[in-house]
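The values are calculated or read from the model by the stated rules, or taken from the named source; none is laboratory data. Everything numeric in this text was worked out from a predicted model, so none of it was measured. Virtual Cβ from ideal backbone geometry, glycine too; neighbours counted across all protein chains shown. What goes into the accessible areas is simple: the full protein's heavy atoms, side chains included, and nothing from ligands, DNA or RNA. Shrake-Rupley method; radii C 1.70, N 1.55, O 1.52, S 1.80 Å.
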Amino acid sequence: MKILYGVQGTGNGHISRAREMARAFASLGMTVDFLFSGREPSQYFDMDCFGDYRTGEGLTFITEQGQLNQWKTLRHNRPMHFVHDVSQLDVSGYDVVLNDFEPISAWAAQRHKVPSVGLSHQNAFLYDVPTVGQSWLDAMITRHFAPTQHAIGCIGFTSIKPFCRLSSLRCLSRSAMIAASWCICRLKIWRQW
């Protein structure tokens, strides 16, 4: 099975989860290609576990004092460069694209009709959960920033009551189902059918 794992590089949470997943994939002898976007390539650190990973500019968020600065975020991102990155990423040779809120691989998977599974904290908010203080723009960003066919909401690595319904995964191909199931078990997310 050939897997591409797209990881959002803004901040360190997504990368920390990907490090644990990379170690787990390696322990099972699985080869996974990694793509990171959202920060300058020189700003990544402790990346040995990802092997020969790729980077892209992608899209990122500018925060100040823990809050999204919408104006600076809008000014910083380059939408035409992002569209170019998506058009240049050929994911057609992959069985599944796993995605941790990374937009280039998510949109490329849609473009090439490759099965995609999102594994991120943000995906939890695609379901009927409390969203106190969430604006209309927040909801649109969560839904369209890195869209995947199947969304699994996860928070860290502890066992939690899930924020997702996994019944939609039944329509995945066998290889995509194996990858998604393995990820679910590795992240210790309870199943809710």
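Go through the stretch 133-153 and give me each residue that's among the β-branched types (V, I, T), open to solvent by less than 30 Å² (accessible area, probe 1.4 Å) and closer than 14 Å to L59 by Cβ. Matches in the stretch 133-153: T142 only.
Take H14 and tell me if it is touching a residue at least 12 places away in the same chain (Cβ under 8 Å) and either within 28 Å of K113 (Cβ to Cβ) or not in a loop (DSSP other than H, G, I, E, B) (or both).
Values: touching a residue at least 12 places away in the same chain (Cβ under 8 Å): yes; either within 28 Å of K113 (Cβ to Cβ) or not in a loop (DSSP other than H, G, I, E, B) (or both): yes.
Considered against the rule, which asks whether it is touching a residue at least 12 places away in the same chain (Cβ under 8 Å) and either within 28 Å of K113 (Cβ to Cβ) or not in a loop (DSSP other than H, G, I, E, B) (or both), H14 comes out as yes.
In the set (1) under 27 Å from D138 (Cα atoms); (2) crowded, with 19+ Cβ neighbours inside 10 Å, the condition left unmet by M21 is number (1). In this structure, does N99 turn out to be open to solvent by less than 70 Å² (accessible area, probe 1.4 Å), touching a strand residue (DSSP E or B) at 6+ places or on another chain (Cβ under 7 Å), modelled with pLDDT of 85 or more and polar (S, T, N, Q)? Answer is yes for this residue.
Hey, can you tell me all the residues within the stretch 47-71 that are among the polar types (S, T, N, Q) and open to solvent by 40 Å² or more (accessible area, probe 1.4 Å)?
Going through the stretch 47-71, the residues among the polar types (S, T, N, Q) turn out to be 55, 60, 63, 65, 67, 69-70.
Hits for the stretch 47-71 are T55, T63, Q65, Q67, Q70.
Across the stretch 32-46, the qualifying residues are those that are under 25 Å from G93 (Cβ atoms) and touching a residue at least 24 places away in the same chain (Cβ under 8 Å), and the one among them that is farthest from the chain's Cα centre (by Cα) is Y44. Restricting attention to the stretch 77-96, the residues that are open to solvent by 60 Å² or more (accessible area, probe 1.4 Å) and either closer than 22 Å to H121 by Cβ or of a type in the set (S, T, N, Q) (or both) total 2. Note on the stretch 57-106: residues that are free of Cβ contacts under 8 Å to residues at least 24 places away in the same chain, over 14 Å from Q8 (Cβ atoms) and part of a helix (DSSP H, G or I) amount to 10. Does Y44 satisfy being over 16 Å from I141 (Cα atoms), surrounded by 13 or more Cβ atoms within 10 Å (Cβ to Cβ), at pLDDT 90 or above and among the hydroxyl-bearing types (S, T, Y)? Spelling it out, it is not the case that Y44 is over 16 Å from I141 (Cα atoms), surrounded by 13 or more Cβ atoms within 10 Å (Cβ to Cβ), at pLDDT 90 or above and among the hydroxyl-bearing types (S, T, Y).
Taking the stretch 24-41 as the search range and keeping residues that are of a type in the set (A, V, I, L, M, F, W, C) and in a helix (DSSP H, G or I), which one is surrounded by the most Cβ atoms within 10 Å (Cβ to Cβ)?
So, considering only residues that are of a type in the set (A, V, I, L, M, F, W, C) and in a helix (DSSP H, G or I), the one surrounded by the most Cβ atoms within 10 Å (Cβ to Cβ) is F25.
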